[in-house]
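Take a look at the structure set out below.
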Amino acid sequence: MVALGYYQEDMERASYETMRKLQDERLVKTVRHAYDNIPYYQEKCKRIGVTPDDVRSTDDLHKLPFLSKDDLRDAYPYGFLARPLSECVRIQSTSGTTGKRVVAFYTQHDIDLWDECCARAIVAADGTNEDVVHVCYGYGLFTGGPGLNGGSHKVGSLTLPMSSGNTERQIQFMVDLGATILCCTPSYAAFLAENVHSMGVRDKIKLKAGIFGAEAWSEEMRRDIERNLGIRAYDIYGLTEISGPGVSFECAEQTGMHINEDHFIPEIIDPDTGKTLPYGEKGELVFSCITKEAFPLLRYRTRDICVLSREACSCGRTLVKMSKPMGRSDDMLIIRGVNVFPSQIETVLMNAGYPANYQIIVDRINYTDTFEVQVEMTPEMFSDEVKELAEREEDLLTALRSMLGISPKVTLVNPRMIARSEGKAVRVIDKRKI
Ligand code: DLL
């Protein structure tokens, strides 16, 4: 394996002691900052009898309360803002229009640090200022586009802010401008690869690497994409609450993602007991942000199930590595890169007068997620009129699309067609083998 370059070598290759010391200092400062400026957080700490004076180093991290999406919902929209609005320059948000939506805030400094995290990922994928970086993650509220865009600027690469959609145009630009690094979800990368072949332009593309994340993808999918596009495919991880992509990134060794520990302290906990687990054990990933000004979440529960490893990496980075997320400790589904909660679907169905008998069926065919919602009609709704049925399905589709940000296939089924369960209702059938 050839060790490629580093963007911030002093941090990416810091000794354990140097990193620990930095984390200690930054944590103490951030706890004080969050406590003093976020009344909701102060209240939460007081409830368990913790004050900033109790946190003197990372060894004291476990004393702090956990934060979760529910806290963000309770304090929505401005309750976690730790800096005055006059200092904030941007928001990003997750999809979804229910209370599960998350709005994250950034000062210019926060954006600069986030961009640097993404720049590290691009350089780890062999990116330099000679490269042409084609970003087709969504722009707008989603963090994918803005994050990789910012990282690419920092590296000094020529950035193509393509956003998603219009596949033919994407490929035309890729060919015409000689894109060398592709940034998008792995499923879109697989779709692009198919189209590159069907358009007969495989020998005209100059791609050498791809930076793919925002959803789970298998090693098999990686090898297929690599083969079909003639590139090396690198994983990248992140979440809106913790800034977006670039919380961790893969290097040329491709055996897990290095966490930018100088900004985010990771922990693995038992999702049931909240107990911190040692490295190497599988559990829920928790992050404490230690450089954030506007949105300094501490001990935020990601719900992603992972393993952390401190094994030496052949790329020379000393940053701790996380495995690919192996699942979730809540019921969130990620479909075509979009976060979907079954409760959002249920809300739409209830509002439209349907009973709570429905099933969400997700599969992955040719590396593209398929998403179907089967909904039972009430006997009163039931009609033999095909036209009426089609209209009902169309109305539900419109409502679901506006709630979720993606379109499922909606199938209305006759009353009592969906199997009843004796225990918990089986709402989700996820057939994807990831
Ligand atoms: O997906 C941020 C992102 C954008 C990451 C572009 C990478 C590339 P959210 O929409 O808030 O943010 O979704 C966060 O997506 O908790 C994971 O469950 C999942 N996820 C993100 N990256 C990966 C990955 C963005 N590489 C949620 N592999 C996270 C598996 C991932 N799951």
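The numbers here are math on the coordinates, done by the rules we state, and not lab data. Since the structure is predicted, the reported quantities are computational estimates derived from the model, not experimental observations. Neighbour counts run over all protein chains shown; Cβ positions are idealised from the backbone, glycine included.
List of remarks:
- Look at where the Cα atoms of the stretch 327-379 and of the stretch 264-321 average out, and the two centres are 29 Å apart.
- Antiparallel content of DSSP bridges confined to the stretch 296-434, in %, to 5: 65 percent
- Protection proxy ranking, peptides 394-405, 333-344, 127-138, average beta carbon neighbours within 10 Å, highest first: 127-138, 333-344, 394-405
- Of the trypsin sites (Lys or Arg not before Pro) in the stretch 205-308, the ones in a loop by DSSP (not H, G, I, E or B) with at most 11 other beta carbons within 10 Å are Lys275.
- Relative to the 2.2 N^0.38 Å rule of thumb, the stretch 350-429 has a C-alpha radius of gyration ratio of 1.13.
- Over the stretch 93-197, volume per residue of the alpha carbon convex hull, in Å³: 105 Å³
- Here the chain is described by how far its Cα atoms reach on the three principal axes: 71, 61, 43 Å, from widest to narrowest.
- Burial ranking of peptide ranges 426-433, 56-63, 238-245 (average Cβ count within 10 Å, highest at the top): 238-245, 56-63, 426-433
- Solution diffusion estimate, µm²/s, Stokes-Einstein, the stretch 43-131, Kirkwood Rh from C-alpha pairs, 25 °C, viscosity 0.890 mPa s: 152 µm²/s
- Filter on Lys409/Lys431; Lys63/Lys282; Lys282/Lys324; Lys44/Lys69 - keep pairs with C-alpha separation over 18 Å: Lys63/Lys282
- Length added when fully stretched, Ile48-Glu219, from 0.36 nm per residue minus Cα-Cα: 57.3 nm
- Percent antiparallel among DSSP beta bridges (both partners in the stretch 9-329, rounded to 5): 65 percent
- Share antiparallel - DSSP beta bridges, the stretch 232-344, percent rounded to 5: 100 percent
- The residues neighbouring Gly337, those whose beta-carbon lies less than 12 Å from its own, together hold a net charge of -1 under the Lys/Arg +1, Asp/Glu -1 convention.
- Peptides 171-184, 351-364, 374-387 ordered by average Cβ neighbours within 10 Å, highest first: 171-184, 351-364, 374-387
- Relative to one another, the C-alpha centroids of the stretch 186-243 and the stretch 14-82 are positioned 37 Å apart.
- The relative contact order of the chain comes to 15 percent, based on Cα pairs under 8 Å that sit 6 or more residues apart.
- Relative intensity, log₁₀ I(q)/I(0), of the stretch 144-193 from a Debye sum that treats every alpha carbon as a point, q = 0.14 Å⁻¹: -0.34
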